[in-house]
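Every number in this text was worked out from the coordinates using simple rules, so none of it is lab data. Values in this document were obtained by computation on a predicted structure and should not be read as measured data. In this analysis, Cβ positions are derived from the backbone assuming ideal geometry, glycine residues included, and neighbour counts consider all displayed protein chains.
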Amino acid sequence: RKEVEQDPGPFNVPEGATVAFNCTYSNSASQSFFWYRQDCRKEPKLLMSVYSSGNEDGRFTAQLNRASQYISLLIRDSKLSDSATYLCVVIVTSGTYKYIFGTGTRLKVLA
Amino acid sequence: DAGITQSPRYKITETGRQVTLMCHQTWSHSYMFWYRQDLGHGLRLIYYSAAADITDKGEVPDGYVVSRSKTENFPLTLESATRSQTSVYFCASSESPYNQPQHFGDGTRLSIL
């Protein structure tokens, strides 16, 4: 089983729709979590950190569920420019640390 | 604020050649990382460095060499390039690996013929 798993998609949604992605992790020693956005083989860019209490940044909301070991990203009012691959990242800090990327979920927002 | 820069952006070389990819950051981050990204594999860690003169292997280190004589630079060398090393290479840096995000350079697209 992969340490971090994401549905590869693609998720095809119309403009204005709300879409949500989940990312599951297997290591209970996972301590920090992030969502990145990556456009077509460009560099990953930090979208937002994920805090235990959940956090929001404009149209984006991130949540953490430690009991079920997953994080989620909700995008409201989708824009064409949101089309990208969304990578979740989990930092595991038991003994040594590991920074683990998911393989990403592809989102296509359609006009 | 230049952040983190990689050079070259594109490189074509032949099998057996040595090639060095450069990475430079201006944030004075202690930690630096090299990844490769291939279709179907996502990002895979090649090497990382916790500070000048401290480096360690990642998931896929074979065929690569790194050095870090200065905090701001972290070059990656392919000693004898092979076709399987054709990939997109990303350098990243982080203030702390335990709870801080990594910030990426814009990548080097390397083709080995």
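Annotations for the structure displayed:
- Additional length obtainable on full extension of the chain from residue B:5 to residue B:113, 0.36 nm per residue less Cα span: 36.3 nm
- One decimal place: the segment residue B:95-residue B:15 gains 25.2 nm when fully extended, by the rule 0.36 nm per residue minus the C-alpha distance.
- For segment A:55-111, the dipole from Cβ point charges (+1 on Lys and Arg, -1 on Asp and Glu) about the Cα centre works out to 160 debye, to the nearest 20.
- Considering only A:99, A:18, A:52, the residue lying farthest towards the positive end of the dipole of chain A is A:99, judged by Cα position with unit charges set on Cβ.
- Fluctuation leader among B:79, B:95, B:59 - chain B, Gaussian network, Cα springs under 10 angstrom: B:59
- Highest-MSF residue in chain B out of B:87, B:96, B:67 [GNM, Cα springs under 10 Å]: B:96
- Beta bridges from DSSP with both residues in the protein assembly as shown: antiparallel share about 90 percent, rounded to the nearest 5.
- Fluctuation leader among A:43, A:15, A:56 - chain A, Gaussian network, Cα springs under 10 angstrom: A:43
- Ranking of A:101, B:74 by count of other Cβ atoms within 10 Å, fewest first: A:101, B:74
- DSSP bridge orientation in chain A - percent antiparallel, rounded to nearest 5: 90
- Here segment B:50-101 is assigned +1 on the Cβ of each Lys and Arg and -1 on the Cβ of each Asp and Glu. Its dipole about the Cα centre then comes out at about 120 debye.
- For chain B, the relative contact order works out to 36 percent when only alpha carbon pairs closer than 8 Å and six or more residues apart are counted.
- Residues B:39, A:74, arranged from fewest to most other Cβ atoms within 10 angstrom of their Cβ, appear as B:39, A:74.
- Ranking of B:82, A:85, B:5 by count of other Cβ atoms within 10 Å, fewest first: B:82, B:5, A:85
- Projecting label points 7 angstrom from Cα along Cα→Cβ for residue A:49 and residue B:73 puts them 3.2 nm apart.
- Segment B:1-43: C-alpha gyration tensor shape, a/c 1.5 cut-off, then a/b vs b/c: oblate
- Taking Cα centre as origin and charging only the Cβ of basic (Lys, Arg, +1) and acidic (Asp, Glu, -1) residues, the dipole magnitude of chain B rounds to 300 debye.
- Derived scalar couplings between HN and Hα for segment A:62-78 equal 10, 9, 10, 10, 5, 5, 9, 6, 8, 10, 9, 10, 10, 10, 9, 6, 3 Hz in order, rounded to whole Hz, by the Karplus curve 6.51 cos²θ - 1.76 cosθ + 1.60 (θ = phi - 60°), x for Gly and Pro.
- Placing unit charges on each Cβ (+1 for Lys and Arg, -1 for Asp and Glu) gives segment A:36-100 a dipole about its Cα centre, and among A:69, A:40, A:80 the Cα reaching farthest toward its positive end belongs to A:40.
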